[in-house]
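Beneath this line is the structure, given in structure tokens, with notes to follow.
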Amino acid sequence: MKKLLISPSQMSLGEQENQIYQNILKQSSELSLNLMAVKVENHPDDFLLWCYELLNASKDRMNYDLLEPQQLPVLKKLHDQLISAISFLQVKTLRVAPWPVVTTFIEQHKDLIALDEQLRLTSYIASIRPQSLKDMIPEDLLAFSGKHMASLDPSTYNFDVEWFASTKSAKAFHQLLADMPDALDDALSNIPLEGNITHYEYQQFVAAYLKAFSDGNEKPTLAPATRLLAMRRPDVFTPISNNRLDALCGALGVSKLKNTDFERYWQDIVQKIQTLSWFKMAKADNELEEQLVSIKALIPCFFYYADTTTADSSNYIKLLSKPKRSTSGTGKTKRRGKESAEILVDRALAADDIPEHIRSKRDSIINEVQKGRGVNETISLMRTIFG
């Protein structure tokens, strides 16, 4: 372990990497005796691989029974530093990586990052994007804005809506979205659905977005705005989140944005990413690349740290694992609005494999879905009853 800890001093580290290394060393010093008890056989000569090895050693191979209670927060901070360092180093490769290298990395890591699930989300967003926020059913609004709730039926929403920057903690944003969606529609209307987006159009969006919050006590913040922009135009806008902002800004070589830096977001994130080689040369030679080209501004999100637990941490996977709702009348289920139920049912009944005699039960299916039953669950039940 001692050899592992000191090996980056023999590497040719840049200023940012060296500062990261010194911070990790400082944190490690409070755990030195525990770390020294971990056997290490792999000694990478690359700083990114070194971060992975130290994270693995301190997370999966350390004897937690020997830790004092006061050391647990220190260990957690060490893990957070290493995860942030890995995200920084991987996103930093986007500064110089050509398009083929970028797509190869994504394909090689597709299971870790739950790529198929994330692409299901982007495909679904593409299908509802032409609608205004005001006209979206509540479930679609959650999907577009990035907030998970248990009301999302996993048979219809077969993805975690919080991929690409969750907004679940942005309470003022979601209150405004519920009360005045047309105000945010006014902001988004300045961003065309296709073609180039000018600085002036972005400034008009910002002005309208800020105005939408003018009657409230909460100040508008940048992160939820970038989620809306990224879902409106995933080929132009990269969403940001507080827990990954350090890594993104460091990787792009810009100072960290404040949560009100709307102008710097355009200059230092949007325009900076558009100058990168892979972004300019992005082209589709296969089906996966075709999907990636259409959402190329989201690609940095695929380069953040992910491990074997990432895919299983998806809210969609967690919903699938929940026990079925009670039908005895003792369990509480959340009712859906009739409009939501009708739209969700009609989408499901439009599938080619739905027989006509099941489609004729539309009203009965809608009634069950209104009560909180899943759409596919209800259709499956109808198939069982009526053959």
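Some observations on this one:
- From LEU276, LEU298, residue being under 18 Å from VAL254 (Cβ atoms) and in contact with a helix residue (DSSP H, G or I) (Cβ under 7 Å, 6 or more places away or on another chain): LEU276
- Only a single criterion out of (1) more than 14 Å from CYS301 (Cα to Cα); (2) assigned to a helix (DSSP H, G or I) is not satisfied by LYS258, namely (2).
- Selection from the stretch 223-255 of residues that are farther than 18 Å from ILE86 by Cα and part of a helix (DSSP H, G or I): ALA223, PRO224, ALA225, THR226, ARG227, LEU228, LEU229, ALA230, MET231, ARG232
- So PRO220, is it surrounded by 13 or more Cβ atoms within 10 Å (Cβ to Cβ), touching a helix residue (DSSP H, G or I) at 6+ places or on another chain (Cβ under 9 Å) and either among the hydroxyl-bearing types (Ser, Thr, Tyr) or under 28 Å from LEU344 (Cβ atoms) (or both): no
- Of the candidates SER166, SER214, SER189, the single residue that is open to solvent by 20 Å² or more (accessible area, probe 1.4 Å) and touching a residue at least 24 places away in the same chain (Cβ under 8 Å) is SER166.
- Some residue of the stretch 72-81 being in contact with a helix residue (DSSP H, G or I) (Cβ under 7 Å, 6 or more places away or on another chain), in a loop (DSSP other than H, G, I, E, B) and either more than 30 Å from ASP182 (Cβ to Cβ) or not assigned by the TED database to the domain that holds LEU228 (or both): no
- Residue within the stretch 141-151 that is on the phi > 0 side of the Ramachandran plot and not acidic (Asp, Glu) present: yes
- Pairs, first over 11 Å from ALA97 (Cα atoms) in the stretch 275-290, second of a type in the set (Lys, Arg) and open to solvent by 20 Å² or more (accessible area, probe 1.4 Å), C-beta under 9 Å, six or more apart: ALA282/LYS296; LEU288/LYS110; GLU289/LYS283
- Annotation: of all residues in the stretch 362-387 being farther than 16 Å from ILE343 by Cβ and modelled with pLDDT of 75 or more, the one that is least open to solvent (accessible area, probe 1.4 Å) is MET382.
- The number of residues in the stretch 63-82 that are of a type outside the set (S, T, N, Q) and open to solvent by less than 40 Å² (accessible area, probe 1.4 Å) comes to 6.
- Of the numbered criteria (1) within 21 Å of LEU229 (Cβ to Cβ); (2) in contact (Cβ under 8 Å) with a residue 24 or more places away in the chain, the one LEU142 fails is (2).
- Matching residues in the stretch 96-108 - criterion: being buried (at least 16 other Cβ atoms within 10 Å of the Cβ) and in a loop (DSSP other than H, G, I, E, B): ALA97
- Test: residue in the stretch 121-141 that is under 17 Å from the mean Cα position of the chain (by Cα), farther than 20 Å from ALA348 by Cα and either open to solvent by 10 Å² or more (accessible area, probe 1.4 Å) or not aromatic (Phe, Trp, Tyr) (or both): no
Residues are listed down the side, and each one gets a yes or a no for (1) within 32 Å of the chain's Cα centre (by Cα); (2) at pLDDT 95 or above; (3) farther than 22 Å from SER12 by Cα:
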residue: SER29; (1), (2), (3): no, no, yes
residue: TRP50; (1), (2), (3): yes, yes, no
residue: GLU68; (1), (2), (3): no, no, yes
residue: LEU94; (1), (2), (3): yes, yes, no
residue: ALA97; (1), (2), (3): yes, yes, no
residue: VAL102; (1), (2), (3): yes, yes, yes
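- Residue count for the stretch 8-31, restricted to those that are open to solvent by 20 Å² or more (accessible area, probe 1.4 Å) and β-branched (Val, Ile, Thr): 1
- Single match in ASP60, ASP111 (criterion: touching a residue at least 60 places away in the same chain (Cβ under 8 Å), open to solvent by 20 Å² or more (accessible area, probe 1.4 Å) and acidic (Asp, Glu)): ASP111
- Which listed residue is in a helix (DSSP H, G or I) and either over 22 Å from the mean Cα position of the chain (by Cα) or among the aromatic types (Phe, Trp, Tyr) (or both), from ASN23, ASN42: ASN23
The values are calculated or read from the model by the stated rules, or taken from the named source; none is laboratory data. Fair warning: this is a prediction, and the values are worked out from it, not measured in the lab. Don't worry about glycine lacking a Cβ; one is built from the backbone with ideal geometry, like all the others, and counts go over all protein chains shown. With ligands, DNA and RNA removed, areas are computed over all heavy atoms of the protein, side chains included. Shrake-Rupley method; radii C 1.70, N 1.55, O 1.52, S 1.80 Å.
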